[in-house]
Amino acid sequence: MATRRFTKTELESFRDREVPDLLPADGSAVRLLFVGINPGLWTAATQTHFAHPVNRFYPALLRAGIIEHAIDPAAGMTDEDRAHLLGRGIGITNLAPRATARADELSKEELRQGGQRLRETVRRVRPRVVAVAGITAYRSAFGVRTAVAGRQADPLEEAVLWVVPNPSGLNAHETVDSLAASYAHPAREARVLAR
């Protein structure tokens, strides 16, 4: 599928739209729930999580061995790609549901409410492991100002909780390799990857 190109005006028209969670409709198990901060405008335009062409989420998943084939979501994820992720036990949600150009456009209150919404999602879906992508957003959402990236001491509901780096192209000090290494830890604990 060719990457779709959007004008700035087209992308702006998707501001405040929501993107549905990628979760199994049939109630099958989610082993690893990835949590983004909120949808970007490109994600809202394509209705596909982490869809911006410079986002390193899917390349990092492939490099880590979490997924078994390349996914290029920039034009919108295919049904086969969604089935592959779900079949691997991977779900995706966001702390805040509304699309913005940048995550720093969200208020602290939106993130706090997102933390509560995530707790409700985890209680309903019951993943083994939750991986929140973004330490600053995690701190705001859960009021844990001193949290550091990595495995958290306390679970989120009954799920093991990890905070991993944000794969956005704006997070310039991370690479596909460093993201892959960070994402592999929760994937092993979720048994998506072999130890």
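Residues that are touching a Lys or Arg at 6+ places or on another chain (Cβ under 7 Å) and not hydrophobic (A, V, I, L, M, F, W, C) within region 99-123 comprise just one, Thr100.
Here's the yes/no breakdown for (1) within 19 Å of Ile92 (Cα to Cα); (2) out of contact with any Cys (no Cβ under 6 Å at 6 or more places or on another chain); (3) in contact (Cβ under 8 Å) with a residue 12 or more places away in the chain:
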residue	(1), (2), (3)
Gly143	no, yes, yes
Thr146	no, yes, no
Gly169	yes, yes, yes
Leu179	yes, yes, yes
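The set of residues from region 1-26 being within 22 Å of Ala131 (Cβ to Cβ) and open to solvent by less than 70 Å² (accessible area, probe 1.4 Å) comprises Val19, Asp21, Leu22, Leu23, Pro24.
Scan (1) at pLDDT below 95; (2) in contact with a Lys or Arg (Cβ under 8 Å, 6 or more places away or on another chain) for the single condition Leu95 breaks and write down its number. Every listed condition holds for Leu95 apart from (1). Screening region 34-142 for helices (runs of 4 or more DSSP H) wholly inside it with 3 or more residues that are surrounded by fewer than 20 Cβ atoms within 10 Å (Cβ to Cβ) returns the ranges 57-64, 79-87, 108-125, 135-142. Would you call Ala153 part of a helix (DSSP H, G or I), open to solvent by 40 Å² or more (accessible area, probe 1.4 Å) and not charged (D, E, K, R)? Judged against the criteria, Ala153 is not a match.
Looking across region 21-62, not a single residue is touching a Leu at 6+ places or on another chain (Cβ under 7 Å) and at positive phi.
Scanning region 171-195 for residues that are polar (S, T, N, Q) and touching a Pro at 6+ places or on another chain (Cβ under 8 Å) yields Asn171, Ser178, Ser182.
The values are calculated or read from the model by the stated rules, or taken from the named source; none is laboratory data. All values reported here derive from a predicted model rather than from experimental measurement. Every residue, glycine among them, receives a Cβ derived from its backbone with ideal geometry; neighbour counts consider all protein chains shown. For accessibility, only protein heavy atoms count, side chains too; no ligands or nucleic acids. Shrake-Rupley method; radii C 1.70, N 1.55, O 1.52, S 1.80 Å.
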